[in-house]
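First the structure, in the form of C-alpha cells, and then the observations on it.
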Amino acid sequence: MESTTAPVKPQFSPAAQAEIARLFEHYPAERRKSALLPILHIAQAEFGGWVSPEVQDLVAETIGILPIEVYEVSSFYTMFNLKPVGQHVLEICRTGPCMLRGSDELTAQLERLTGAKVGETSPDGLFTLKEVECLAACGTAPIVQVREKYYEQLDTPEAVDAMLAELRNLVHRPLLPWEQTGLAHSQQ
Amino acid sequence: MGRKLLTEHINVPGIDTFEVYRKHGGYRSVEKALKTMTPDEVVEEVKKSGLRGRGGAGFPTGMKWSFLAKPVGVPRYLVCNADESEPGTFKDRHLMSRLPHLLIEGMITSSYALGANTSYIYIRGELLYVLRILEKAIAEAYANGFLGKNILGSGYDLDLHVHPGGGAYICGEETALLESLEGKRGNPRNKPPFPAVQGLYARPTVVNNVESISAVVPIINDGGEEYAKLGVGKSTGTKLISACGHLNKPGIYEIELGVPVEEFIYSDEYCGGIWKGRDLKAVVAGGSSVPILPKELILKTAAGENRLMTYESLSDGGFVTGTMLGSGGFIAMDETTCIVRNTWSFSRFYHHESCGQCSPCREGTGWLEKVLHRLEHGHGHMHDIDLLVSVAKQIEGNTICPLGEAAAWPVAAAVRHFRHEFEWHVTNPAEATRPGAYYSSKAAVGV
Ligand SMILES: Cc1cc2nc3c(=O)[nH]c(=O)nc-3n(C[C@H](O)[C@H](O)[C@H](O)COP(=O)(O)O)c2cc1C
Ligand code: SF4
Ligand code: FES
C-alpha cells in the first residue's frame, strides 16, 4: 500500500536526549558545536547505522547550527555512512601492515562468503563491506572491525567463518554508541 | 630485561579499576605534584627528564610546555592526542584500554603543571570501546576526589572529558585535531599562530600524545633526573614500540631507548625474528611516514655502526641512509615482500587521507598513487620512476601541514633503496603482476 503521509520527522529517544545533554556539559556554553561528532555517532546508532539528510537536519537543530555545518562534517569523516547499510558493517583494514599479513585475501574471501562486493550490502541485508585504513591493530593483522569489536588475526578460513557465524547469531537490536554488545573487544 | 616505567603492572588483574591501580602506587604523582610542588616545578622536572614527544615528531615535552602563553584570566587547555592512526602504530590503544588510569593520572598532573582547568582526550572514533573504558575510569577518579573541584584539598579544579573523532587520519595533526574538537572538518590550520598561543577555542593550548602524558607519571614520581638515566644521550627513558609485519612475535614492547635494532628484531625477549624462517628485506621503523630502509641499513648505519633504537641513531645518515624513530610503529617486511606494492598501498593511504586544502598535497598524493598503481599493475614506464621522485620533491616544503612530506618521503626512500624493484616491474610486467609476485635478488622472481 502506498503511503501518502509525509515521512515522519526523526526524533531522538529519551536515552539519546539524556546522553546529548550530558555531552553539551563538556564544552563551553557558546561552543556547543563541539558536540557535533559525538552526536553524529549517536544519531548513526539510533537511526539504523547511517545518517540520512533528515537525521543530519535533526542534529543541526539539536545543536542550533546550520544544516550545512553538519553536512560538511559528515562528508569529511569516514565513519559516517551517508547511505543505508546492512545489519553489520564489516570494516576491513587494507593498509600496508594488514596487507603484509593477508588483507587482500581476506577481502576476497569476505566478498565470496557474503555475496557483497566492497561498498555493497549482501543480498540478505546482513553484511555491508567497507574498506578502511589502519585501525591501530596492526600487530594482530589482518583485521575487521564491526562496531566496537575488533576481529583479529583473520588469516585462516576458520577464523573468518567463526566471525561471520558470531555476527549471524548476534541478537539484532538497535545499539546506542554507549551500549556494548558484550563481546570481547580485542586480544590486545 | 629493560626497566618498564609505563607497563610494569599492565598484566595485573583488575589494573583498569581505580582500586587496584591505586594499590599499585597509582595517583602518587598527583598527590606529590598538588601537595608539594608548584606548577613550574612540575614543568622543570619534565624538562630535566629529557622526555621527547612520543606522537612522532620527538619535540622535547618540557620545552613545549614552557612555550604555553599564560595571559591572566584566559583559560588554557591540555588536549591529549589519542587519535592514533599512523599505519604501524598501535601502542596508545593498548595503553589506554589496559591502563586507563595511567593516562588519567598523567592528564591531571600535566594539567596542573600547565594551569588548565578543563582538559580533553581526543580519541579516534573507531576506538569506541576504549572511550567507554576511559569514561568509566574518569568517573572513578571523580568519585575518589582526583577530578572535579578542589582536588585533594589543594584548591586546584580540573574537569576531564573524552571526545571521539569521526575517522580521519589527518585529525592526528594537532591543529586539525583542534578544528575537529571544535566540531568542524579536520583541516590543519596555518601556523603561526601556534596552539601554544591560539589553540582550542583560540585559547593557549598544549597538545600531547597519550604516551608522552603517561610518561609524566614516572617522571614526577621518581624525578626527572632518574628518568633521564635511562636511555642513551638525548633519547631518554623508555618507549613503546608497536611491532608488526612479518615478525614471529608482533606486539607492543616497552623498551629502554638504546636497544640495538638487531636485538629488537631477533631476540626472543622482543620480536623473536622473522616469521617462517625467512630473511628480512626491509623495515619501516617509525610509522608509515618515515623512510623505508633495507635490511643492511636498518641493522647498521652507513658507517658500519650498530643501529640503535634511539632518535639519533635511527636518523644517522639523514634521509640518504637513515630514517626516524617517529611514533615507534615498527613494520618489518620479509624477503617475499613486493616493495612496489607496499609503497603503492601507503600512497593510496595518504591520497585517501589528504584533507585537500593545499594543491601540492591534494594533487601530488593523487599522482603518486596513480603512478605507483600503474607500475604495480604492469603499465609503468622507466620515466615513471623519476616522475615519482620529482612529484615527491614538489610536495615537500610546499604544504600547510606535514602530511605532504609524510606522503612524499616514503616514496622517495623506496625508489632510493629499491630502484631495481621498480625497474623490474617495468621490464618484466608479466612476471611482476602475477598474484603474490615479488622481486628477489636470489632467484629472478618468487611467488
Ligand atoms: C598527518 C599527521 C598525523 C599525526 N597523527 C598523530 C597521531 O595519531 N597521534 C599523535 O600523538 N600525534 C600525531 N601527529 C603529531 C601531532 O601533530 C603532534 O605533533 C603530537 O600530537 C604532539 O604530541 P607529542 O609532542 O607528545 O608527541 C600527527 C602529525 C601529522 C602531521
Ligand atoms: S598538506 Fe595535505 S593534509 Fe596537510 S593541509 Fe595540505 S592538503 Fe591538507
Ligand atoms: S594496518 Fe591494519 S590495523 Fe594497522
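The values are calculated or read from the model by the stated rules, or taken from the named source; none is laboratory data. Just so it is clear, the model here is predicted, and its values are computed rather than measured. Glycine also receives a Cβ, built like all others from the backbone with ideal geometry; neighbour counts cover every protein chain displayed. Ligands, DNA and RNA are excluded from the accessible area calculation, which covers all protein heavy atoms including side chains. Shrake-Rupley method; radii C 1.70, N 1.55, O 1.52, S 1.80 Å.
Test B:PHE319 against the stated conditions and say whether it is of a type outside the set (Lys, Arg), assigned by TED's automatic domain parsing to the domain that holds B:GLY245 and at pLDDT below 95. I'd like the intermediate steps shown before the answer.
Values: of a type outside the set (Lys, Arg): yes; assigned by TED's automatic domain parsing to the domain that holds B:GLY245: yes; at pLDDT below 95: yes.
Yes: the conditions hold for B:PHE319.
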query = Considering only residues of the range B:145-179 that are outside any loop (DSSP other than H, G, I, E, B), in contact with a strand residue (DSSP E or B) (Cβ under 8 Å, 6 or more places away or on another chain) and among the hydrophobic types (A, V, I, L, M, F, W, C), which is farthest from ligand 2 (Cβ to nearest atom)?
reply = B:ILE151
query = Out of the residues in the range B:393-417 that are free of Cβ contacts under 8 Å to residues at least 60 places away in the same chain and within 16 Å of ligand 1 (Cβ to nearest atom), which is surrounded by the fewest Cβ atoms within 10 Å (Cβ to Cβ)?
reply = B:GLY397
query = Which of the residues that make up the range B:58-96 are within 16 Å of ligand 2 (Cβ to nearest atom) and either without any contact (Cβ under 8 Å) to a residue 60 or more places away in the chain or acidic (Asp, Glu) (or both)?
reply = B:ASP83, B:GLU86
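Determine which member of the set B:ARG341, B:ARG362, B:ARG348 is part of a helix (DSSP H, G or I), within 16 Å of ligand 2 (Cβ to nearest atom) and within 13 Å of another protein chain (Cβ to nearest Cβ).
Working: B:ARG341 fails: within 16 Å of ligand 2 (Cβ to nearest atom); B:ARG362 fails: within 13 Å of another protein chain (Cβ to nearest Cβ).
Sole residue among the options that is part of a helix (DSSP H, G or I), within 16 Å of ligand 2 (Cβ to nearest atom) and within 13 Å of another protein chain (Cβ to nearest Cβ): B:ARG348.
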ask   = Condition test on A:HIS26, is it open to solvent by less than 50 Å² (accessible area, probe 1.4 Å), in contact with a strand residue (DSSP E or B) (Cβ under 8 Å, 6 or more places away or on another chain) and in a helix (DSSP H, G or I)?
value = no
ask   = Taking into account only those residues within the range B:134-189 that are closer than 30 Å to B:THR365 by Cβ and of a type in the set (D, E, K, R), which is least open to solvent (accessible area, probe 1.4 Å)?
value = B:GLU182
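Could you check the range A:63-108 and list, in sequence order, the residues that are closer than 26 Å to A:LEU167 by Cβ, away from ligand 3 (no atom under 16 Å from the Cβ) and not aliphatic (A, V, I, L, M)?
Taking the range A:63-108 first, the residues closer than 26 Å to A:LEU167 by Cβ are A:74, A:77-95, A:97-108.
Okay, now just the ones that are also away from ligand 3 (no atom under 16 Å from the Cβ), so A:74, A:77, A:80-89, A:108.
Scanning the range A:63-108 gives A:SER74, A:TYR77, A:PHE80, A:ASN81, A:LYS83, A:PRO84, A:GLY86, A:GLN87, A:HIS88.
Do we find a residue being at the interface with chain A (Cβ under 10 Å from one of its Cβ atoms), hydroxyl-bearing (Ser, Thr, Tyr), open to solvent by 10 Å² or more (accessible area, probe 1.4 Å) and not in a helix (DSSP H, G or I) anywhere in the range B:116-127? Before the answer, list the steps.
Quick first cut of the range B:116-127, residues at the interface with chain A (Cβ under 10 Å from one of its Cβ atoms) only: B:118, B:120, B:122, B:124-127.
Still in the list and also hydroxyl-bearing (Ser, Thr, Tyr): B:118, B:120, B:122.
Of the ones still in play, those that are also open to solvent by 10 Å² or more (accessible area, probe 1.4 Å) are B:118.
Then keep just the ones that are not in a helix (DSSP H, G or I); that gives B:118.
Yes, the range B:116-127 contains at least one residue that is at the interface with chain A (Cβ under 10 Å from one of its Cβ atoms), hydroxyl-bearing (Ser, Thr, Tyr), open to solvent by 10 Å² or more (accessible area, probe 1.4 Å) and not in a helix (DSSP H, G or I).
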ask   = Only one residue in A:LEU126, A:LEU135, A:LEU100 is more than 16 Å from ligand 1 (Cβ to nearest atom) and buried (at least 22 other Cβ atoms within 10 Å of the Cβ). Which one?
value = A:LEU100
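Got a number for residues in the range B:241-252 being in contact with a Leu (Cβ under 7 Å, 6 or more places away or on another chain) and on the phi < 0 side of the Ramachandran plot? Walk me through it before giving the result.
Quick first cut of the range B:241-252, residues in contact with a Leu (Cβ under 7 Å, 6 or more places away or on another chain) only: B:245-246, B:252.
Next, from what is left, pick out any that are on the phi < 0 side of the Ramachandran plot: B:246, B:252.
So the count comes out to 2.
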ask   = Which of the residues belonging to the range A:117-173 are within 14 Å of another protein chain (Cβ to nearest Cβ), out of contact with any Lys or Arg (no Cβ under 9 Å at 6 or more places or on another chain), charged (D, E, K, R) and not in a loop (DSSP other than H, G, I, E, B)?
value = A:LYS130, A:LYS149
query = Do you know which of the residues in the range B:81-105 that are farther than 25 Å from B:ILE170 by Cα and within 20 Å of the chain's Cα centre (by Cα) is farthest from the other protein chains (Cβ to nearest Cβ)?
reply = B:LEU102
key: Subset of the range A:8-20 [within 14 Å of chain B (Cβ to nearest Cβ) and open to solvent by 10 Å² or more (accessible area, probe 1.4 Å)]   = A:GLU19
query = If you take the residues of the range B:1-37 that are in contact with a Ser or Thr (Cβ under 7 Å, 6 or more places away or on another chain) and not in a loop (DSSP other than H, G, I, E, B), which of them is surrounded by the fewest Cβ atoms within 10 Å (Cβ to Cβ)?
reply = B:LYS35
inquiry  = Please go through the range B:223-255 and give me each residue that is crowded, with 16+ Cβ neighbours inside 10 Å, closer than 23 Å to B:ARG28 by Cα and not small (Gly, Ala, Ser), ordered by number.
reply    = B:GLU226, B:TYR227, B:LEU230, B:THR236, B:THR238, B:LYS239, B:LEU240, B:GLU254
request  = Please work out if A:GLY64 is surrounded by fewer than 17 Cβ atoms within 10 Å (Cβ to Cβ), away from chain B (no Cβ under 14 Å) and at positive phi.
outcome  = no
For A:GLU46: the one exception among (1) surrounded by fewer than 20 Cβ atoms within 10 Å (Cβ to Cβ); (2) more than 12 Å from every other protein chain (Cβ to nearest Cβ); (3) charged (D, E, K, R) = (1)
query = So which of B:LEU177, B:LEU127 is within 19 Å of B:ASP16 (Cβ to Cβ) and within 13 Å of ligand 1 (Cβ to nearest atom)?
reply = B:LEU127
ask   = When the range B:343-369 is examined, which residues are found to be away from ligand 1 (no atom under 15 Å from the Cβ), free of Cβ contacts under 8 Å to residues at least 40 places away in the same chain and either within 22 Å of B:ALA437 (Cβ to Cβ) or open to solvent by 30 Å² or more (accessible area, probe 1.4 Å) (or both)?
value = B:TRP344, B:SER345, B:ARG348, B:SER359, B:GLU363, B:TRP367, B:GLU369
